[in-house]
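Trainee: First the structure, which I've put down as structure tokens, then a few questions once you've had a look.
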Amino acid sequence: MNETTVFPPPKHFTEQAASASARSMADYERMYAAAASEPERFWAEQAAQLDWSAKWNKVLDWSKPPFAKWFVGGTLNASANCIDRHLSTWRRNKAAILWEGENFEQRTLTYQELHRKVAKLANAMKALGLKKGVRSIIYMPMVPEAAVAMLACARLGMPHSVVFGGFSAEALKTRINDLEATVVLTADASLRRGKEVLLKQNVDEALKDCPSVQHVIVYKRLGRMIEMKQGRDHWWDDLTFGVSEVCQAEPLDSEHPLYVLYTSGTTGKPKGVVHTTGGYMTQALATMKWVFDLKEEDVFWCTADIGWVTGHTYVVYGPLAAGATVLMYEGAPDWPKPDRFWRIIEKYRVSIFYTSPTAIRAFIRQGDDWPNGRDLSSLRLLGTVGEPINPAAWQWYWKTIGKERCPIIDTWWQTETGGIMISPLPAATPMKPGSATKPLPGVALELVDEHGKAIDKGKGFLTIARPWPGMLRTLYKDDERFEQNYWSQYPGRYFTGDTAVRDEDGYLWVLGRNDDVIKVSGHRISGVEIESVLVANKNVAEAAVVGAPHDIKGEAIHAFVTLKANVQPSDAVAHELSDWIVKEIGALARPERIHFVAALPKTRSGKIMRRLMREIVTTHKVAGDTSTLEDYSVVVQLSQQGKEEDEILGAKAGNKK
């Protein structure tokens with residue numbers, strides 16, 4: 001993580017930057033200073049870019065911390081801001097959504113067509129008696145109708161919770177019951193790596209124990225024979241056939257809940273993060289313009305599923321509010337061949353590409369021939385999201401995908417923040433591989449020590465010292481947990497749960513979760529630092545590092561390593577990697593054990609779930625929340641592998657005796 005190379009924004013990019021972007025660090029400094037000195041005025045200017053039914057009478061009410069209210073008294077509608085306001089302009093016939101299915105189907109929805117579909121679904125739901133305040137679950141594949149469902153719910157003032165279409169019936173049931181949802185919007189099935197995922201079947205299984213659900217609306221994605229319960233289940237197309245294409249958007253209070261998004265907790269129960277309308281939309285639109293240097297002609301592709309906050313903010317609400325053309329893709333990045341993403345970029349002339357470091361490392365493992373075999377010349381801006389990107393992966397992204405001409409926007413934010421908080425401004429900020437650089441204007445990030453004292457440079461805990469519009473308002477039905485999780489550690493500050501380093505230039509290097517810090521013989525070592533060293537080795541594709549209890553050291557370092565395709569696991573490779581870590585960091589960082597694995601446990605959004613790996617090396621069991629896992633079989637395999645390794649080591653120890 002001690003990367004010192006600095007990459008200035010490419011000159012041609014700065015010269016051609018959109019008017020919304022800062023074109024120099026002096027511009028950034030002026031923006032940041034103006035926001036810091038008069039934050040309410042600054043955010044009011046950003047909010048004014050939205051269409052309001054009634055203007056607010058107070059920008060911020062912070063009278064009862066940590067419960068904020070933004071743009072008090074103002075009314076607006078998120079759906080209208082994403083669609084209706086474009087219909088009186090030339091954008092009405094602009095492509096809003098370009099969609100490709102995993103089976104190579106393709107569709108285009110203009111803003112006008114998107115408006116018609118949203119209005120018809122909203123009217124159909126009204127005919128079922130669904131209205132403002134009724135809560136909805138959206139459990140759908142990555143198809144345009146998923147965005148239509150979100151916008152139709154927002155249009156009526158029905159808070160939605162999107163559940164990723166790969167989740168099990170049990171995970172779905174937990175979320176439905178916690179939200180006490182009245183309606184579920186789903187599909188008969190979806191495609192993932194050439195296999196059918198039976199969504200409606202999962203819904204039926206979940207609803208055996210979900211008394212609040214009165215209606216299920218089913219989109220016909222694959223046309224499969226499914227069970228339809230009379231009176232409860234409705235085919236989407238039948239329900240919307242012949243329905244009026246005009247539906248007035250409901251004017252909603254700025255603090256009306258827009259959505260609840262469930263995220264993993266350290267306990268078995270997921271947390272329902274609540275985001276409201278006015279503040280969230282303000283931050284989504286502002287960051288969309290600042291960070292991505294958005295132009296009218298851009299084709300914007302954020303690869304996240306809408307089941308995650310990245311998909312909410314940078315697939316649906318942010319891009320559509322800005323009038324962008326959004327690409328949506330249903331399937332896996334390497335199906336049917338490893339060049340699927342590069343093929344899509346070539347085909348649709350994607351200009352802005354926003355994906356996860358996890359995906360980038362997977363691409364590295366596949367080799368350079370796949371991206372080099374496609375025309376990626378349409379790209380002008382690259383982005384990363386999800387977790388810190390190690391410098392080696394950054395360099396590959398810069399050279400192989402961007403051909404050293406595309407700025408890389410390394411972004412840090414959380415489900416709870418609603419939008420990007422730390423990021424380069426692409427036309428202004430010199431880039432350092434592995435650093436998210438500096439906080440965006442209006443974001444009061446501070447590093448503090450364990451006593452809450454602010455730190456100018458060095459390592460500390462990442463906190464936010466002042467409210468921001470896109471912040472979560474609470475955890476659904478759990479104000480106490482909201483206060484305890486985020487505001488109790490340092491009163492008056494939002495505690496992100498992340499550790500970071502600020503360097504001599506004021507750049508921030510996010511090291512990961514505080515609980516990913518390993519304490520070996522009294523010395524604190526960041527697992528992310530060790531991971532970055534491992535991934536910089538020529539043989540390593542991915543790595544995750546966790547700590548496990550140790551009788552002498554307190555904690556011992558365990559490294560889980562996925563090797564590149566042409567490298568076979570062996571004791572010799574393990575010794576080589578261990579010596580490599582010692583050379584790069586020091587003897588204190590030598591792993592107790594290196595585990596060679598075929599895959600790492602990840603969430604559907606691509607984050608490595610180190611918490612589960614800690615449980616595995618400690619107990620060989622997993623007790624925490626696993627509902628966000630992409631593939632539970634990976635955890636089962638790791639657990640079994642850990643037991644077998646312990647047995648082998650035990651036998652070796654016995655032989656030595």
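Trainee: Looking at region 530-613, what strands (runs of 3 or more DSSP E) fall wholly within it and have at least 2 residues that are of a type in the set (Phe, Trp, Tyr) and under 27 Å from Gln366 (Cβ atoms)?
Mentor: Values: elements: 540-550, 554-563, 593-596.
By residue number, no strands (runs of 3 or more DSSP E) qualify.
Trainee: Let me ask another. Condition (residue is among the charged types (D, E, K, R), modelled with pLDDT of 95 or more and outside any helix (DSSP H, G or I)) applied to region 111-120: is it met by at least one residue? Give the derivation first.
Mentor: Within region 111-120, the first condition is being among the charged types (D, E, K, R), and the residues that meet it are 113, 116-117, 120.
Imposing the further condition that a residue be modelled with pLDDT of 95 or more reduces the set to 113, 116-117, 120.
Next, only the ones that are outside any helix (DSSP H, G or I) stay: none.
Checking region 111-120: not a single residue is among the charged types (D, E, K, R), modelled with pLDDT of 95 or more and outside any helix (DSSP H, G or I).
Trainee: Let me ask something else. Within region 55-66, identify whether any single residue is under 29 Å from Trp301 (Cα atoms) and under 25 Å from the mean Cα position of the chain (by Cα), and answer yes or no. Break it down stepwise before answering.
Mentor: As a first pass, look at region 55-66 and keep what is under 29 Å from Trp301 (Cα atoms): none.
No - not one qualifying residue is present in region 55-66.
Trainee: Sticking with this structure for a sec: Out of (1) closer than 28 Å to Thr276 by Cβ; (2) out of contact with any Ser or Thr (no Cβ under 8 Å at 6 or more places or on another chain); (3) among the hydrophobic types (A, V, I, L, M, F, W, C), what's the single condition that is false for Ile455?
Mentor: Result: Ile455 passes all but (1).
Trainee: Looking at Ala35, Ala22, Ala95, Ala48, which is the one that is within 25 Å of Ser254 (Cα to Cα), under 28 Å from the mean Cα position of the chain (by Cα) and crowded, with 17+ Cβ neighbours inside 10 Å? Spell out the reasoning first.
Mentor: Values: Ala22 fails: within 25 Å of Ser254 (Cα to Cα); Ala95 fails: within 25 Å of Ser254 (Cα to Cα); Ala48 fails: crowded, with 17+ Cβ neighbours inside 10 Å.
After ruling out the rest, the residue left standing is Ala35.
Trainee: So, one more: Applying the selection to region 431-465, what residues are surrounded by fewer than 19 Cβ atoms within 10 Å (Cβ to Cβ) and touching a Pro at 6+ places or on another chain (Cβ under 9 Å)? So that I can check it myself, show each step before the final result.
Mentor: Step one: list which residues in region 431-465 are surrounded by fewer than 19 Cβ atoms within 10 Å (Cβ to Cβ), which gives 444, 448-459, 465.
Listed by number, the residues that qualify are Ala444, Gly452.
Trainee: Right, something else. Might you let me know whether region 344-359 holds any residue that is farther than 27 Å from Cys153 by Cβ, of a type in the set (Lys, Arg) and not in a helix (DSSP H, G or I)?
Mentor: Yes: region 344-359 contains one or more residues that are farther than 27 Å from Cys153 by Cβ, of a type in the set (Lys, Arg) and not in a helix (DSSP H, G or I).
Trainee: In addition: Is there any pair with a first residue in region 35-46 that is within 14 Å of Gly74 (Cβ to Cβ) and a second that is at pLDDT 95 or above and not in a helix (DSSP H, G or I) whose Cβ atoms are under 7 Å apart and which are 6 or more apart or on different chains, and what are they?
Mentor: Glu40/Val59; Glu40/Leu60; Trp43/Val59; Trp43/Gly442; Trp43/Pro469; Ala44/Val59
Trainee: Right, here's the next one. Here is a list: Leu185, Leu207. Which entry is surrounded by 19 or more Cβ atoms within 10 Å (Cβ to Cβ), within 17 Å of Arg135 (Cα to Cα), free of Cβ contacts under 8 Å to residues at least 40 places away in the same chain and not basic (Lys, Arg)? Can you show your working first?
Mentor: On the way: Leu185 fails: free of Cβ contacts under 8 Å to residues at least 40 places away in the same chain.
Just a single option satisfies the conditions, and that option is Leu207.
Trainee: Another question about this same structure. Name the single residue that is nearest to His312 (Cα to Cα) among those in region 181-213 being in contact with a Pro (Cβ under 9 Å, 6 or more places away or on another chain) and charged (D, E, K, R).
Mentor: Arg192
Trainee: Would it be correct to say that Phe495 is outside the structural domain of Pro569 (by TED's automatic domain parsing), outside any strand (DSSP E or B), touching a strand residue (DSSP E or B) at 6+ places or on another chain (Cβ under 8 Å) and of a type in the set (Phe, Trp, Tyr)? Let's see the steps before the verdict.
Mentor: Details: outside the structural domain of Pro569 (by TED's automatic domain parsing): yes; outside any strand (DSSP E or B): no; touching a strand residue (DSSP E or B) at 6+ places or on another chain (Cβ under 8 Å): yes; of a type in the set (Phe, Trp, Tyr): yes.
Against the criterion (outside the structural domain of Pro569 (by TED's automatic domain parsing), outside any strand (DSSP E or B), touching a strand residue (DSSP E or B) at 6+ places or on another chain (Cβ under 8 Å) and of a type in the set (Phe, Trp, Tyr)), Phe495 does not qualify.
Trainee: I would also like to ask the following. Tell me, yes or no, whether region 459-472 has at least one residue that is closer than 30 Å to Leu534 by Cα, assigned to a helix (DSSP H, G or I), modelled with pLDDT of 95 or more and in the same structural domain as Val274 (by TED's automatic domain parsing). Spell out the reasoning first.
Mentor: Looking only at region 459-472, we keep the residues that are closer than 30 Å to Leu534 by Cα, and these are 459-463.
Next cut, assigned to a helix (DSSP H, G or I) only: none.
No, because not a single residue in region 459-472 is closer than 30 Å to Leu534 by Cα, assigned to a helix (DSSP H, G or I), modelled with pLDDT of 95 or more and in the same structural domain as Val274 (by TED's automatic domain parsing).
Conditions tested, residue by residue: (1) under 21 Å from the mean Cα position of the chain (by Cα); (2) in the same structural domain as Phe461 (by TED's automatic domain parsing); (3) in a strand (DSSP E or B).
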position	(1), (2), (3)
Arg374	no, yes, no
Ile389	yes, yes, no
Ala393	yes, yes, no
Trp396	no, yes, no
Ala427	no, yes, no
Ser435	yes, yes, no
Leu447	no, yes, yes
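Trainee: Are any of the residues in region 216-236 surrounded by fewer than 18 Cβ atoms within 10 Å (Cβ to Cβ), aromatic (Phe, Trp, Tyr) and either modelled with pLDDT of 95 or more or not assigned by TED's automatic domain parsing to the domain that holds Ala54 (or both)?
Mentor: Checked region 216-236: at least one residue is surrounded by fewer than 18 Cβ atoms within 10 Å (Cβ to Cβ), aromatic (Phe, Trp, Tyr) and either modelled with pLDDT of 95 or more or not assigned by TED's automatic domain parsing to the domain that holds Ala54 (or both).
The values are calculated or read from the model by the stated rules, or taken from the named source; none is laboratory data. None of the values given here were measured: they were computed from a predicted structure. Every residue, glycine among them, receives a Cβ derived from its backbone with ideal geometry; neighbour counts consider all protein chains shown.
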